[in-house]
Amino acid sequence: MITASAVTSSVATRKHAPPPSVRLGALALACIAVALATLGVGAVRVEQPRAIEALFGHGTIDQVRIIRDYELPRILMAFLVGTGLAVSGTVCQSVLRNPLAAPDILGVVKGAALGVVFLLLVYPTAAVSYLPLAAFVGGLFAWAVVYLCAYRRGVTTPARLVLVGVAVTALCESIIRYVLIDQSQGIGTALVWLTGSLAATDMSRVWETSLWVAVIVPLVVACASRLDVIGLGDDLAHGLGVAVERTRWFTLLLAVLLASACVAVAGSMLFVGLIAPHIARRFVGSRHAVLLPAAAAVGTLMLLVADGVGRGADPPVELPAGMVTVAIGVPYFVYVLSRPL
């Protein structure tokens, strides 16, 4: 039974809680602090604070080269990919009104993986520079199949999109396994990519990915108010003047483009798009104007921690960041499932 004193205490707690802007600022500072703390962690270790000094060009030539040429691109990519996957996951959960939705469930991740595996194993002589393009095309193709199969009489429903997405994901996974069995050459590279890693990152890939993130994320944020309304249900959103089908199609397309671009450069980073929005909601609530940047910060933190742990756990052996994100995400996923959704 809820007593009057409990209600009063709850209201007082909300009143004295920091405003969302303060909590967003704290998340941003945490991202910067973790990024600086993980500088120099890896097979060739550069101790702090020399790693930070090397970032600004001070120290030995080797230290500066390690930090600027190898560590800095990975950290910047963690910011970009963490932001992209978390924002994409937030859109999927909001538009589909499913707290367990993520880019994975729409077939995007497995479609991108299928594109890369096909290129690596069927055309082993193809240049590595074609991998992001293959992943991007594979993710978009899988999403197109999902949307076309779920489209009926001018509308799509969240339930139909989810069901078709699960089916397409399973189909892509089965084809991937067949190709891995049928083609043995290059299987090691394919498996590393399927696990997800930031190891092959350089500044050229950072700049390419930053263009996608810089264009698509602001477009998603511009749709924040419409995402809030769609969360109330299709009928009520129609009554409030929102073009539900057009908004659903447009925002999901943005989410798919963002996820495809991130998976193309970092591989299958599981659980970031699923878990980051849940954690962000506990910090700032469900209003998308603050939820989207909060989810981006949480996704960035997850990847920064995962990449730092992967580099520093057992040098010179490096654990793929995707493996660490699974280790982080599974316990929280079980915790989420144990509570009312």
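The values are calculated or read from the model by the stated rules, or taken from the named source; none is laboratory data. Worth saying up front: this structure is predicted, and the values here are computed from it rather than measured. Positions of Cβ are backbone-derived with ideal geometry, glycine not excepted, and every protein chain shown enters the neighbour counts. Protein only, heavy atoms only, side chains kept; ligands, DNA and RNA dropped before computing areas. Shrake-Rupley method; radii C 1.70, N 1.55, O 1.52, S 1.80 Å.
What the table below lists for this structure:
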quantity: Selection status of residue 281, touching a Leu at 6+ places or on another chain (Cβ under 7 Å), among the basic types (Lys, Arg) and assigned to a helix (DSSP H, G or I); calculated: yes
quantity: Of all residues in segment 1-39 being surrounded by 10 or more Cβ atoms within 10 Å (Cβ to Cβ) and assigned to a loop (DSSP other than H, G, I, E, B), the one that is modelled with the lowest pLDDT; calculated: 17
quantity: Selection from segment 74-91 of residues that are among the hydrophobic types (A, V, I, L, M, F, W, C) and under 13 Å from residue 35 (Cβ atoms); calculated: 75, 76, 77, 78, 79, 80
quantity: Identity of the residue in segment 232-287, farther than 30 Å from residue 129 by Cβ and small (Gly, Ala, Ser), that ends up surrounded by the fewest Cβ atoms within 10 Å (Cβ to Cβ); calculated: 241
quantity: Members of segment 45-63 found to be of a type in the set (A, V, I, L, M, F, W, C), assigned to a helix (DSSP H, G or I) and in contact with a Gly (Cβ under 6 Å, 6 or more places away or on another chain), listed by number; calculated: 51
quantity: Residues satisfying the stated conditions in segment 233-272, i.e. over 21 Å from the mean Cα position of the chain (by Cα) and among the charged types (D, E, K, R); calculated: 234, 235, 245, 246
quantity: Tally, over segment 296-341, of residues that are outside any helix (DSSP H, G or I) and either open to solvent by less than 60 Å² (accessible area, probe 1.4 Å) or over 17 Å from residue 266 (Cα atoms) (or both); calculated: 10
quantity: Wholly enclosed helices (runs of 4 or more DSSP H) of segment 130-231 bearing at least 1 residues on the phi < 0 side of the Ramachandran plot, open to solvent by less than 40 Å² (accessible area, probe 1.4 Å) and modelled with pLDDT of 85 or more; calculated: 131-150, 158-182, 203-222, 224-230
quantity: Residue match in segment 233-244 (condition: in a helix (DSSP H, G or I), closer than 26 Å to residue 140 by Cα and modelled with pLDDT of 85 or more); calculated: no
quantity: Residue selected from segment 111-129 under the condition among the small types (Gly, Ala, Ser) and assigned to a helix (DSSP H, G or I), by the criterion surrounded by the fewest Cβ atoms within 10 Å (Cβ to Cβ); calculated: 129
quantity: Which numbered condition residue 109 fails, given (1) more than 23 Å from residue 248 (Cα to Cα); (2) touching a helix residue (DSSP H, G or I) at 6+ places or on another chain (Cβ under 8 Å); calculated: (1)
quantity: Number of positions in segment 262-278 that are assigned to a helix (DSSP H, G or I), within 19 Å of residue 335 (Cβ to Cβ) and in contact with an Asp or Glu (Cβ under 8 Å, 6 or more places away or on another chain); calculated: 2
quantity: Within segment 40-96, considering residues that are open to solvent by 50 Å² or more (accessible area, probe 1.4 Å) and under 18 Å from the mean Cα position of the chain (by Cα), the one nearest to residue 162 (Cα to Cα); calculated: 79
